Amino acid sequence: MSVDPNTPVLRNCIRLPLPEDELIEVTAKAKDYAIMHGAAMRSKSNFSEDSLNFAPFVLVPSSFPRKEFEKAVALQPIINRLMHNVAHDEEFITTTLAETIKVDEFTANLFNIYRKVLAHGFTQANSIGLLRSDYLGHVYEGCAIKQVEINTVASSFGGIATHLVQLQNFVLRELGHADKLPNMPHNNALAGLCDGMVKAWDIYAKPQSVILFIIEDVSYNICDQRFHEFYIRETYPHIKVLRRTLTDVHREGKLGLNKELLLSGGLEVAVIYFRAGYEPGHYHSQDEWDARYLMETSLAIKCPSIQYHLAGTKKVQQALAQPAVLERFINDPEEMKAVGKIFTGLYSLDDNEAGNASYEMALRTPEKFVLKPQREGGGNNVYGVDIPDALKRMSRVERSAWILMDLIHPPLTKGYMVRPGAEMPPTIVDMVSELGIFGVVIGDADHIIHNYQAGHMLRTKLSTANEGGVAAGLGALDSPYLIDSDDEDEN
Ligand code: ADP
Ligand code: MG
């Protein structure tokens, strides 16, 4: 992606560059700190279950406007409630996804589970959402945050993000900048998310029951998942966490007399936390879909339940960005206004008048847009000049599996990205940061029992990269250094 040369650069936390000898020393320390504190991942290129690489990270925290950070934090309980209401609106989900499921097989499979569960009635009325709302600042509106997407399934990095604040605190102290620490907000993501799971476990109210993590066949992001597991065991010693793949659940899972989800040895599952199941590759055969359905019909409290999963699709986000639609889910006019402001233009590509108009608009000015399918996990979008070709290859009906979104233009920061295997010392690069705010919401169709904001994460990518997948090597973990707009710009 090309970056507008006039893009503003946010003032840095500390003056860069660092003297080379100091940079080499602190980077080496920071890498070891990262490995020793679990800011780490399994290597994809050199996989071993017995070892870890440090996760890519940004050496010095990246600046983020304080006002916008605080806005995102304050909005989270409203967004939690919004998503909870959306997930429980059968009519809205059904009509919104009607065209999409005709052409998108994966969403159709999820929707079929939803339809079957609806037909038989929900065994478990409560759901738990561990959400993450992602934002980029938009320079054409004074760096005001715009929502990139909302995740309702497998919202990751709460564990590592919590520890990354400590890592960057360490670096700042090493560099003699302890005075900067008060501008790094505390991050309680790990505790907030895990306490949410335990609140759901409490609602289930069976002392012997366990929490089940649904995992991929191979977990590269193992530390983030283990942090959750270890936090739960250490903070609530009476609760056991199990890890199973969808294939495992197909093999050993069954329902008890009251539709309890039972695993081998008769272990009863109170809460199911999905860290897999959000992309087609996680379902190798019908077996995995059967396992998903079995869990969905069980008494266990799902994170997310199928309706929550569907509420997080890009298509639903696009529908929500229309003011008339938002009105259906948010009563308070002030709240509606505040949420409306974080949405950027999102357009349907359904085969109707409005959809065809967006199609024409994308062909005319592709550089203004991102094209997104109904997928999670990064690497699926089409950007700018690549959009016309992609659209032209699709039939009219196929287009309805995609949505079009205004490209957000974030401000730049400058800093050192540290990656396993990369050249030492790192060089200063232009970067952009995406803020994720975590939220926890628990309840049923009629009542919300718990609703709170639960920490944050910052992912920073090279300004020239379209996406910042951390495992893909273009992104790095980071945490915000809050700056005020009246700060002097030292650059
Ligand atoms: P996924 O579900 O794959 O994470 P996202 O909608 O989060 O899908 O898109 C992936 C990445 O693409 C984001 O993290 C961001 O870097 C970039 N991106 C997505 N939408 C936009 C947008 N409207 N403007 C600029 N960048 C975007
Ligand atoms: Mg994303």
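Extension gain for D287 to D4 (0.36 nm times residue separation, less C-alpha to C-alpha distance): 97.0 nm.
Peptides 473-479, 220-226 ranked from most to least packed give 473-479, 220-226, packing being the mean of other C-beta atoms within 10 angstrom over each peptide's residues.
Among the listed pairs K206/K302; K44/K461; K180/K414; K315/K368; K67/K146; K44/K314, those whose Cα-Cα separation exceeds 24 Å are K44/K314. On the beta carbon distance between S51 and D386, with R0 = 35 Å, the FRET formula returns roughly 0.40.
What is the chain's relative contact order, in percent, from Cα pairs under 8 angstrom and six or more apart in sequence?
Details: 984 pairs, mean separation 135.5, N = 491.
Rounded, it is 28 percent for the chain.
The aspartates and glutamates within cross-link reach of K240, meaning a Cα-to-Cα straight distance under 17 Å and a gap of 8 or more places when in the same chain, are D195, D202, E229, E260, E268. Would you pull out the residues with amide H under 5 Å of G455's amide H, same chain only if 5 or more places away, H placed 1.01 Å from N? Placed amide hydrogens put N188, F438 under 5 Å from G455. FRET efficiency for the A108 to D444 pair, using the beta carbon distance and R₀ = 25 Å, is estimated at 0.45. Here's the picture: a label point sits 7 Å out from the Cα of M394 along the beta-carbon direction, and within region 114-154 nothing has its amide nitrogen under 17 Å of it.
For region 381-393, 3J(HN,Hα) computed residue by residue from phi via the Karplus equation (6.51, -1.76, 1.60; θ = phi - 60°) reads 7, 10, 10, x, 4, 7, 5, x, 4, 4, 5, 5, 6 Hz, glycine and proline entered as x. Diffusion coefficient of the chain by Stokes-Einstein, Kirkwood radius over Cα pairs, 20 °C, 1.002 mPa s: 92 µm²/s. For region 255-357, the relative contact order is 20 percent, taking Cα pairs closer than 8 Å that sit 6 or more residues apart in sequence and dividing their mean separation by the residue count.
Here each label is just a point 7 Å from Cα along the line to Cβ, and for H177 and E334 those points are 3.7 nm apart.
Taking each residue as 0.36 nm, the span from S43 to N188 lengthens on full extension beyond its C-alpha to C-alpha distance by 49.5 nm. Scanning residues 5 or more positions from D430 or on other chains, those with amide H under 5 Å from its amide H are S463, with H placed 1.01 Å from N in the peptide plane. Under the criterion of Cα pairs below 8 Å and six or more residues apart, the relative contact order for region 139-212 equals 29 percent.
Backbone phi angles across region 222-233, fed through the Karplus curve with coefficients 6.51, -1.76 and 1.60 (θ = phi - 60°), yield HN-Hα couplings of 5, 4, 4, 6, 5, 4, 4, 4, 5, 4, 4, 5 Hz in residue order; Gly and Pro are listed as x.
All of the numbers you see were taken from the coordinates with simple rules; none came from a lab. In this text the structure is predicted, and so the values were computed from the model without any measurement. When we count neighbours, we look across all protein chains shown, and the Cβ atoms used for this are built from the backbone with ideal geometry, even at glycine.
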